[in-house]
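Enquirer: Before I ask anything, let me first share the structure, which is written out below as structure tokens.
The values are calculated or read from the model by the stated rules, or taken from the named source; none is laboratory data. The structure presented is a predicted model; accordingly, all values stated were derived computationally and were not measured. In this analysis, Cβ positions are derived from the backbone assuming ideal geometry, glycine residues included, and neighbour counts consider all displayed protein chains.
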Amino acid sequence: MNRRLLAVLLATGLAASATAQELKRAELGDLPLGSGEVIEDLQVGYRTFGALNAERDNAVVLLTWFGGQSEQLAGLVGSEAMLDPARHFVIVIDALANGVSSSPSNSIKQPRMAFPVFGMADLVAANRRLLEVEFELDHVQALVGVSMGGMQVFEWILQDPEFAESAIIIQGSPRLTPYDLLLWQSTFEAIRRDPVWDGGNYRQQPARRALYYIAMLSGQTPESINRQLSRPQVLALLEDQTPVEGFDANDHLRQVEAMLGHDVTRDFANDLSRAAGAVRSRVLYVWNAKDHVVRPEPGLEFAKAMNAEVLELPGNCGHGAYACELPMLRQAVAAFLSPPEAE
């Protein structure tokens, strides 16, 4: 598969990926949610790379994107990847409703649409509980996230400002733009308006091909699509009715609901500058001007308000820019996480 297309489909929950360290699952009891509901028998999946040093100060937490699983993020960890496990103890955490951690698709007590709606703050609470229970960590070197993973990082550095020394937010947002809201609501409606969905009690995945088209269209730029695909190829694609693999529909809905409700300014009078002023972590914000899945404008405003470091990824890869420009990203992340030189 074309590298750019694969990057897009991974970040929009429509592809699987390669090998990774062994998956582990932590059983963490019941998780109270901000809504007053409870996720019963919380399970959180994770993978680790590298080792925690004697000082316990080299832990880096990598958070999954929309529809992503820790296995898929393994490609961002390695000596030639974004995070070097020889330097960092990398903990990749599976988000709620990703099909690995507690989800509508795997919950025994709260299956399908009986699984509670949760918000970005609840995702952070689940992640935080994992780190406390499994690793006895109440402070980390860095929080890192791509796309929805970056949204979790934005939420975390405001919910617990002293938790992370540094935060690296890659093509994420402190709140969705009007464009983003329309895009993600369209995926929500595509599922719920498909008769196959049947209130979440489907026997086959609803709206799968429509979601595939939405991901392809929004995840890349017009220039990129027109360069990579010919008219005959696209016409053949539109005629193809082969079942498309992808994210479970009920899981999709719950994660989309978390993103639609995501807004770190809710306790700051809807003011991004005021919210940015509450951050205590060092922040690196990474963006691409042609990202049509998560627009960068709110993140740039937030970064400017707190004088964060900013890296623009060039090119026409759109939401897949983090993968297309991995060498540039790797260099920037390594420099950002390196200890300052003694004067």
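Enquirer: Within the stretch 100-117, can one find any residue that is modelled with pLDDT under 95 and touching a Lys or Arg at 6+ places or on another chain (Cβ under 8 Å)?
Expert: Narrowing the stretch 100-117 to residues modelled with pLDDT under 95: none.
Checked against the condition, which is being modelled with pLDDT under 95 and touching a Lys or Arg at 6+ places or on another chain (Cβ under 8 Å), the stretch 100-117 yields no hits at all.
Enquirer: Do the conditions hold for PRO174, that is, is it in contact (Cβ under 8 Å) with a residue 40 or more places away in the chain, under 28 Å from VAL124 (Cα atoms) and of a type outside the set (Ser, Thr, Tyr)?
Expert: Working: in contact (Cβ under 8 Å) with a residue 40 or more places away in the chain: yes; under 28 Å from VAL124 (Cα atoms): yes; of a type outside the set (Ser, Thr, Tyr): yes.
Considered against the rule, which asks whether it is in contact (Cβ under 8 Å) with a residue 40 or more places away in the chain, under 28 Å from VAL124 (Cα atoms) and of a type outside the set (Ser, Thr, Tyr), PRO174 comes out as yes.
Enquirer: Select from the stretch 195-232 the residues that are among the polar types (S, T, N, Q) and at pLDDT 90 or above and write down the one among them that is surrounded by the fewest Cβ atoms within 10 Å (Cβ to Cβ).
Expert: Taking the stretch 195-232 first, the residues among the polar types (S, T, N, Q) are 201, 204-205, 218, 220-221, 224, 226, 228, 230.
From what is left, the residues that are at pLDDT 90 or above are 201, 204-205, 218, 226, 230.
Details: ASN201: 10, GLN204: 8, GLN205: 21, SER218: 22, ASN226: 13, SER230: 10.
Filtering the stretch 195-232 for residues that are among the polar types (S, T, N, Q) and at pLDDT 90 or above, the one surrounded by the fewest Cβ atoms within 10 Å (Cβ to Cβ) comes out as GLN204.
Enquirer: Can you tell me which residues in the stretch 136-191 are surrounded by fewer than 24 Cβ atoms within 10 Å (Cβ to Cβ), in a loop (DSSP other than H, G, I, E, B) and not hydrophobic (A, V, I, L, M, F, W, C)?
Expert: Selection gives GLU136, ASP138, HIS139, ASP160, PRO161, GLU162, THR177.
Enquirer: Please verify whether PHE115 is over 25 Å from ARG274 (Cβ atoms) and touching a Ser or Thr at 6+ places or on another chain (Cβ under 6 Å), treating the condition exactly as stated. Outline the logic, then answer.
Expert: On the way: over 25 Å from ARG274 (Cβ atoms): yes; touching a Ser or Thr at 6+ places or on another chain (Cβ under 6 Å): yes.
For PHE115, the condition - over 25 Å from ARG274 (Cβ atoms) and touching a Ser or Thr at 6+ places or on another chain (Cβ under 6 Å) - is met.
This table checks each residue for (1) in a helix (DSSP H, G or I); (2) over 15 Å from the mean Cα position of the chain (by Cα).
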position	(1), (2)
GLU257	yes, no
ASN270	no, yes
SER273	yes, yes
VAL286	no, no
ALA289	no, yes
VAL294	no, no
ALA303	yes, yes
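Enquirer: All but one of (1) over 14 Å from the mean Cα position of the chain (by Cα); (2) within 23 Å of ALA142 (Cα to Cα); (3) not hydrophobic (A, V, I, L, M, F, W, C) hold for GLY119, so report the exception by its number.
Expert: With (1) over 14 Å from the mean Cα position of the chain (by Cα); (2) within 23 Å of ALA142 (Cα to Cα); (3) not hydrophobic (A, V, I, L, M, F, W, C) applied to GLY119, the lone miss is (1).
Enquirer: Still on this structure: What are the pairs, 6+ residues apart or on separate chains, where a residue within the stretch 86-98 that is closer than 25 Å to ALA258 by Cα has its Cβ under 7 Å from a residue that is of a type in the set (Lys, Arg) and surrounded by fewer than 24 Cβ atoms within 10 Å (Cβ to Cβ)?
Expert: Listed pairs, sorted by first residue: VAL92/ARG47; ALA97/ARG254.
Enquirer: To continue, here is another question. Would you mention how many residues in the stretch 305-324 are buried (at least 22 other Cβ atoms within 10 Å of the Cβ), touching a Ser or Thr at 6+ places or on another chain (Cβ under 6 Å) and either among the charged types (D, E, K, R) or not in a helix (DSSP H, G or I) (or both)? Talk me through it step by step, then tell me what you get.
Expert: Keep residues of the stretch 305-324 that are buried (at least 22 other Cβ atoms within 10 Å of the Cβ), which gives 313, 317-322.
Narrowing further to those that are touching a Ser or Thr at 6+ places or on another chain (Cβ under 6 Å): 318.
Still in the list and also either among the charged types (D, E, K, R) or not in a helix (DSSP H, G or I) (or both): none.
Residues that pass the stated criteria total 0.
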